[in-house]
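Report on the structure given below.
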Amino acid sequence: MSQFFQIHPENPQARLVSQAVGIINKGGLVAYPTDSAYALGCHIGDKHALDRIRAIRQLDKHHNFTLVCRDLSELSTYAKVNNQTFRLLKNHTPGAYTFILEATSEVPKRLMHPKRKTIGLRVPDNAIVQALLDELREPLMTSSLMLPGDEYPLLDPYDIRETLEHQLELVIDGGFCGMEPTTVIDLTGDAPVLLRQGKGDFSSF
């Protein structure tokens with residue numbers, strides 16, 4: 001049975017944020033709000049929690065998982081970026097984008113795309129996520145909360161709890177945060193490539 005925290009979307013309660021991070025550090029799987037729909041998150045080093053996300057979403061080994069980071073200084077630890085790419089990232093973070101980048105050796109191999117050695121990285125514009133990351137002091141391993149066969153992510157925290165209450169340790173209710181997933185952009189080549197159009201505007205790339 002999952003716990004259910006109502007956290008204020010603009011002024012997150014420090015006590016609840018601390019409790020949520022405690023659950024993540026103990027191997028818990030969390031549904032949480034972002035700047036583009038709800039997501040599933042777990043500790044970056046927790047293989048069992050990662051396998052549980054794969055099972056919930058029925059993902060294969062080629063799925064690119066995402067590391068949600070506080071800022072670009074953290075992002076550069078986990079991805080190889082040149083000056084041009086860094087400028088692009090700086091101009092579009094925080095925001096509703098997931099960037100596919102070449103992974104560094106800091107990224108656990110099980111999180112990478114097995115052939116391309118890439119990782120999805122993003123910096124959300126959401127106060128709850130930023131509070132969680134400040135307390136966690138490392139990225140949050142994340143996947144969109146899109147269930148098999150669904151066209152859109154789950155939108156309502158009460159629906160999330162009802163649907164997944166036996167598969168999650170915590171659902172964070174941060175209010176409505178939209179129904180569009182992130183815009184996914186591949187930055188591993190010479191020019192940005194749009195992989196999925198979502199909430200973020202691609203035209204400026």
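Scanning the stretch 116-150 for residues that are among the charged types (D, E, K, R), farther than 22 Å from E180 by Cβ and not in a loop (DSSP other than H, G, I, E, B) yields D134, E135. Among the residues of the stretch 9-25, just one is in contact (Cβ under 8 Å) with a residue 12 or more places away in the chain, of a type outside the set (A, V, I, L, M, F, W, C) and out of contact with any helix residue (DSSP H, G or I) (no Cβ under 8 Å at 6 or more places or on another chain), namely Q19.
A residue that is of a type in the set (A, V, I, L, M), under 13 Å from the mean Cα position of the chain (by Cα), assigned to a strand (DSSP E or B) and at pLDDT 95 or above cannot be found anywhere in the stretch 57-67. Every listed requirement among (1) of a type in the set (A, V, I, L, M, F, W, C); (2) part of a helix (DSSP H, G or I); (3) surrounded by fewer than 22 Cβ atoms within 10 Å (Cβ to Cβ) is met by L75 save one, (3).
Count of the stretch 1-56 residues, restricted to those that are assigned to a helix (DSSP H, G or I), hydrophobic (A, V, I, L, M, F, W, C) and closer than 21 Å to E151 by Cα, is 3. Residue by residue through the stretch 78-109, note down the ones that are over 16 Å from the mean Cα position of the chain (by Cα) and either modelled with pLDDT under 85 or of a type in the set (D, E, K, R) (or both). Residues satisfying the conditions are K80, R87, K90, E102, S105, E106, K109.
I want to confirm something. Restricting to the stretch 120-149 and keeping residues that are within 16 Å of E74 (Cα to Cα) and in contact with a Leu (Cβ under 6 Å, 6 or more places away or on another chain), which single residue is surrounded by the most Cβ atoms within 10 Å (Cβ to Cβ)? Outline the logic, then answer.
Quick first cut of the stretch 120-149, residues within 16 Å of E74 (Cα to Cα) only: 120-125, 129-142.
If we keep only those that are in contact with a Leu (Cβ under 6 Å, 6 or more places away or on another chain) as well, we get 121, 139.
Working: L121: 28, P139: 26.
So the residue we want is L121.
If you go through the stretch 166-205 and keep only what is under 30 Å from K26 (Cβ atoms), modelled with pLDDT under 90 and surrounded by fewer than 21 Cβ atoms within 10 Å (Cβ to Cβ), you end up with F176, G178.
Out of all the residues in the stretch 19-46, which are within 14 Å of A127 (Cα to Cα) and polar (S, T, N, Q)? Residues satisfying the conditions are T34, S36.
None of D190, D173 is in contact (Cβ under 8 Å) with a residue 60 or more places away in the chain and among the charged types (D, E, K, R) except D173.
The values are calculated or read from the model by the stated rules, or taken from the named source; none is laboratory data. Worth saying up front: this structure is predicted, and the values here are computed from it rather than measured. We place every Cβ from the backbone using ideal geometry, glycine too, and count neighbours over all the protein chains shown.
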